[in-house]
Structures are given as C-alpha cells and as structure tokens.
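Below is one structure, written out as structure tokens; comments come after it.
The values are calculated or read from the model by the stated rules, or taken from the named source; none is laboratory data. Bear in mind that the values here come from a model prediction, so they are computed numbers and not experimental data. In this analysis, Cβ positions are derived from the backbone assuming ideal geometry, glycine residues included, and neighbour counts consider all displayed protein chains.
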Amino acid sequence: MPSIFLSHQDPFLILVLFFSIFMSCFFILTFLKHKHRIGNPKVKKFRKVSILIAAYNEEEGIADTIRNALAIDWPKNKLEIIVVENNQSTDNTLKIAKSFEKRGVRVFSLKEGGKGNALNYALKRATGEIIVTMDADTYARPDVLKKMLGYFDDPEVMAASPAIVTLKPKTFAQKVQNVEYLFGVFLRKIFHFLGAVYVTPGAFTAYRKTFFDKHGGYDTTNITEDFEMCLRIQSKGYKVTNSINALVFTISPKTFRALHKQRLRWFLGFIETSLQYRQLFFTNQRGILSSLIMPTAVISIAFTLVLFSKAIYSFGMDILNLVSKYNAARSLDLTSWIYNIKLDLFYLRLDVVMLATAFLIILGLFMFLAARRYSGDKDTFAIGYLIYILFYIIIFSLWWMHAVYFKLFGRKLRFGGVEWNNSVLTKLTSRV
Amino acid sequence: MGRRINRTNLLAAFAITSLIFFSGFYLNDVLTSSKLTELQEFQDFLNVESASIEAQYDLALQNPCNIAGITELNAELNEFGDKLTYLETISPDNDINVNNLYNYYTVLEVKHYLFMTEVNAKCSDDYSTILYFYSNEPQICESCSLQGTALTALKHLHPNTMVYSFSMDSDSKVVGTLKQLYDVTILPTVVVNGKKYEGYQTRKELENLVA
C-alpha cells in the first residue's frame, strides 16, 4: 500500500492537478459523447440579417471589414450592413465607410463614445430579424452565416457564436494567442453541448433581435458588453449555441504590452459582470452552467493565482538561499558543479506530479488537435502549443493579479470609450 | 437525458482521474521500494569488499601495503553515501530501513578510515584522509551542501584523497563517538589528515590542505 502517499509533495499542487485532469477528462468525454452531432443544422429559412459594425479610429481595417461583410454568402436582399462610427474618430474612418454607401451600406456617425452606445444606436435602426455584431478588425469566412444561422430554428436560441481564431500569427505573442484561441474553439463547442456557453464574442456573434426588443440593448457602463449580453441571455433561460467550423479571424495584439491591456479589460470585465450575475455561480439555477462551468472558471482563476503566488514565494526563497550560501561560501565554485552531475538512473524521479502533468499535457494535445480538425483551421503551429503551456500560465497569472489589484484599488480608468471607476477602494471612500 | 449523460461523464472523469493518481502513488511507492532494495544489495556488496580487504590484510600477516581494492572501495562508499542521501529525501522521515542502512554505512566508513591510517603509517603510498561532518538540515548547516559539492570535486581531481562523510542528523553510535573524539561543535567541520578545520572550506583551500 502506498506508504508515502503524500509525503514530499505539495498537496495543493496535487489538488490543482486532480481538478485540472478531472475537468479535462469530463470535457473530452462530453466531446466524444456528442461528436456525432458536431455539425450545424442546415439553414432552412433565410432570415433577414443586419450586420452591425462599430468603429472608432479604424481607418486601417474598416474598408477590408466592410468588404468582407459584403462578401458573406447570404441572399443580398436579406443582408443589411450598418456601420456606426463614434466618439468623433480623429482619422478617416467615417470617410472610408461612407464610400461604401453606394453599395448599400448604411453609415452613421455618433458623438458619444463606447461600443455599447454605437451598437445600441445601430440596433434601433436595424431592420433584420437576426443581428450580427462585428468588430472592425475581424474577417469572417463567407460561409459563416450559413453555418451559424440554422440554430435559430429552435425558438429558444437567442445567440449563435462562431469559432474565433487569430489571423496570420507572426510575432511570438500572436503565436501564443493562436493556440489559446484554438483551445477556446474546442471548449466553446463543449459548452454548447452542455448548454453552458458563457461568452458570445463581440467580434462576431449572431443574436435574435427580439431578445433586444424584450430585454434591452447593450449595457453601456459595462467594459465587456459582449460577456454581459451572453450572461443576460443565459440568466433569462434561453439558449446560446456555437458552430465549431464557422471560422472568424481576428487580428490579435502583436505585443505583450498591447495584449496586457486587452486582457486587463477582459478580466476586470469578467469580475464585474460575474458579480452582477452571481446567481449563475455555484447555484443550481441554470443547470450545468451554474453548477459546474461557471464555478470551474472561477476556481481555475483562483488556483492559478495561488499557485503562481506560491511559485513566486518559493523562487524568492531559493534566491535568498543562494545569496546566503554565496555569502557563507565566499565564492561561487562553478567548476566543482560539473563534477557533481549525477548521471545514474538511480536519481531518476518519477512521481505523481510528473505522471499527472504528463497526462494533462496529453489531454491538452487531444483538445488542441480536435479543435484543429473540426474547425478546419490548419494554420496553427504545433510548437506553439508547448510555448503556450510554459509561458502563458505565468503571464496569465500576472494579468489576473493586475486585474484583481485594479478591482480593489484602481482609480478612474478608460477602456475604449467607457469610463470605469468601480473599484472597492473607490466605493468605500465615496461612502465616507 | 442530458443530465444523465452528464452525470455518467462526471463519474467516468472522476474514475479516470483517480486511477491516474493512484497509479502515480503506486508507481512512486514501487520505485522507492526498488531503490531501497538496490541499496541493500549494494551494501551487501560493500560489506563483502570490506571483509575481503580485512582477509587480505590478515593473509599478508597484518601487512597493509599492496592490498587490492582499497581506493576503489572508498569511491564506492562515497557513491553509496550519495544514493542513500537521495533515498532519504524521497522516503518518509525516520524510515527504519534508511536508518539501518546509514548506521551500517558509518561502520564501513570508519573501518576503511582506520585501515587507511595504517596504510599511511606503514607503506610508501601517500593517501590523504578527510573526515567530513555535516547536516542536511539547512537551519543547522547552511553551507553543508556547498561543502559536499567541493569535496566531491576534490576527490575527482585528487583520486588519492579518501573522503568519509558523517551526518550529524543520524543516531549512529559510531558518529557519536567520532563527534566526541574530535569535539565537533560547528558544521561543517573537516578533519584533514588528523587536523580539524571548522567552517566551510573552498575547493582551493582543501586542495592546499591535502597537498
């Protein structure tokens, strides 16, 4: 019997590994169980679609985006494109957009900033039965609507999301993101099978207009308005679907600095919106979404933060150790180290942590390959996968710590036209 | 229908994960046991080598010179000591098997040391002997791991140096006697050719002492 059950192993690390493997196994089993219905329902009815594009200082990409929207395979008389330029763009966005008016594109200019405002303005003027929000730096394959819109035959479906991948990754940061997005493609389809899709990406998602008519437009004070909308749909008891092969390409931030800014907004928005919809966390209200998926998201974040803190602490201790050893030794005898390298197999360590980590990597590889196969996107590098694991966890933890710090102590912040001043510190001091 | 599928999948996932972890614990256990067995066999071998040297000594009418295998035995004792230290880190604290192995190991070391002292006195060969007193607890001895590193390197560079390591963490009676004999109070302490030096010695300093 195991006599050294948990000795010399960090029990917290074992817990994290157990949880990660458990959830990964569950997701993969769910995938295998539902694989036969991974395809999309055929479009029987060509509903009228309004594509809404909000743009602020997007002169570089707006022309391509509009052309891309025009090229989408859908009956021309059932497709409407609305562009709203807002926040008084300082570049040629409006001028370029207006040049497409002769092709039927409706262009508006709005003084107020904020994506929510722009989308709500467009919503009021949209005539379609289906609303598609599209970002100005997004490119959809022409067949996306034919793949996504079949789901709306089910009257309980209020949203359909695509498979979002990054466009032509070139820099290191972009390659890392590419792998991350591919995991997202797999997970979102799993969540679809479980009825637990919790993000409808603002980059490209289709909604049923009647939902907005009944439950209002975008929350203009929310910095992640797309996340809020999805949780709103879920909380009202409707369905959110996903097509794994409706490919939408988005331009990912090139540098880690730019990526940091983006993720800060995402994470802070996640914290804020989750608190707003806390009935969807750790309750049985919305089935597996609220009892398992949302809690898992929160637990994963908590685990990452704790593990990371522990790693930093032990690394710091190791550094201190090394320094004190150096002081005691009065010298750093590097040549001696060479004679101390032990090549005997006796010293090979095969413990639970290594086995579990190896298994987790295999599971991850499976998810990655499945996403590649079923989405139809072959342009991702396998090497990026390994870099993702090593590098991403550290960066991810740092961003989350920053987001939590902001939530507690941040003062007035601006995220793309939306002002945020909602930190715990601000709330406490305003009450004084 | 969906709920039942989910419950089945959750149970299956839990079963698979548990299987992985129990396999891991079991594998760990099996490996550690096999390492213990390996060291026990190694110790039997060392015991035979040690006895063989004694027999040769007696056969040569207590003449310690030209006896085969003495330098090799010291190298093997060092290797044994390293492996035993490693086994200690992966075994539960105060494992009786590890303790027994260690206590007998100190006996073999002292026997070898006493034999080398005779060789130095009676033969033309010249071997240096170093008694090394240490602790694996970082609170008790900060620079012991560095001292160990330096001694290992020294032995590689000067094969005629015999190094004997004695851990102050153990309850070996042999070590207790040595501690009293050389009045070891500070760690690390090295006794080079009979002379005591307290505190960390760099490899260069050790090389000067054995020269």
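Within 21 Å of residue A:22 (Cβ to Cβ), under 21 Å from the mean Cα position of the chain (by Cα) and more than 13 Å from chain B (Cβ to nearest Cβ): which single residue out of A:267, A:303, A:249 fits that description?
A:303
Of (1) exposed (fewer than 13 other Cβ atoms within 10 Å of the Cβ); (2) assigned to a helix (DSSP H, G or I), residue B:24 satisfies all except one. Which?
Unmet for residue B:24, out of (1) exposed (fewer than 13 other Cβ atoms within 10 Å of the Cβ); (2) assigned to a helix (DSSP H, G or I): (1).
Can you tell me which residues in the stretch A:164-176 are closer than 17 Å to residue A:204 by Cβ and under 14 Å from the mean Cα position of the chain (by Cα)?
Result: A:164, A:165, A:166.
For the stretch B:65-105, enumerate the residues that are closer than 17 Å to residue A:346 by Cα, of a type in the set (Ser, Thr, Tyr) and not in a loop (DSSP other than H, G, I, E, B).
Passing the criteria: B:85, B:86, B:89.
Out of curiosity, is residue A:30 of a type in the set (Val, Ile, Thr) and either within 30 Å of residue A:299 (Cβ to Cβ) or within 14 Å of another protein chain (Cβ to nearest Cβ) (or both)?
yes
Does the stretch B:93-113 include one or more residues that are on the phi > 0 side of the Ramachandran plot, surrounded by fewer than 21 Cβ atoms within 10 Å (Cβ to Cβ) and within 14 Å of chain A (Cβ to nearest Cβ)?
Within the stretch B:93-113, one or more residues are on the phi > 0 side of the Ramachandran plot, surrounded by fewer than 21 Cβ atoms within 10 Å (Cβ to Cβ) and within 14 Å of chain A (Cβ to nearest Cβ).
Could you grab the pairs with beta carbons closer than 7 Å, sequence gap of 6+ or different chains, first residue in the stretch B:86-101 and of a type in the set (D, E, K, R), second one surrounded by 12 or more Cβ atoms within 10 Å (Cβ to Cβ)?
From the stretch B:86-101, the pairs are B:88/B:98.
Hey, residue B:143 hits all of (1) crowded, with 22+ Cβ neighbours inside 10 Å; (2) closer than 15 Å to residue B:82 by Cα but one; which does it fall short on?
Result: residue B:143 passes all but (2).
Within the bounds of the stretch A:310-329, is there any residue that is away from chain B (no Cβ under 12 Å) and in contact (Cβ under 8 Å) with a residue 60 or more places away in the chain?
yes
When only residues in the stretch B:29-64 that are exposed (fewer than 12 other Cβ atoms within 10 Å of the Cβ) and outside any helix (DSSP H, G or I) count, which is farthest from the other protein chains (Cβ to nearest Cβ)?
B:61
I'm trying to understand the selection: among the residues of the stretch A:282-303, which are part of a loop (DSSP other than H, G, I, E, B) and surrounded by fewer than 18 Cβ atoms within 10 Å (Cβ to Cβ)?
Residues satisfying the conditions are A:282, A:283, A:284, A:285, A:287.
Please enumerate the residues belonging to the stretch B:3-28 that are facing another protein chain (nearest Cβ under 7 Å) and farther than 30 Å from residue A:351 by Cβ.
Correct list: B:5, B:6.
For the stretch B:148-211, list the strands (runs of 3 or more DSSP E) that sit wholly inside it and hold at least 2 residues that are surrounded by fewer than 18 Cβ atoms within 10 Å (Cβ to Cβ); which are they?
So the answer is B:195-198.
For residue A:212, work out the one condition from (1) at pLDDT below 95; (2) surrounded by 14 or more Cβ atoms within 10 Å (Cβ to Cβ); (3) over 26 Å from residue A:30 (Cβ atoms) it doesn't fulfil.
Against the list (1) at pLDDT below 95; (2) surrounded by 14 or more Cβ atoms within 10 Å (Cβ to Cβ); (3) over 26 Å from residue A:30 (Cβ atoms), residue A:212 comes up short only on (1).
Are any residues in the stretch A:48-67 surrounded by fewer than 19 Cβ atoms within 10 Å (Cβ to Cβ) and either at negative phi or within 14 Å of another protein chain (Cβ to nearest Cβ) (or both), and if so, which ones?
A:48, A:59, A:60, A:61, A:63, A:64, A:67
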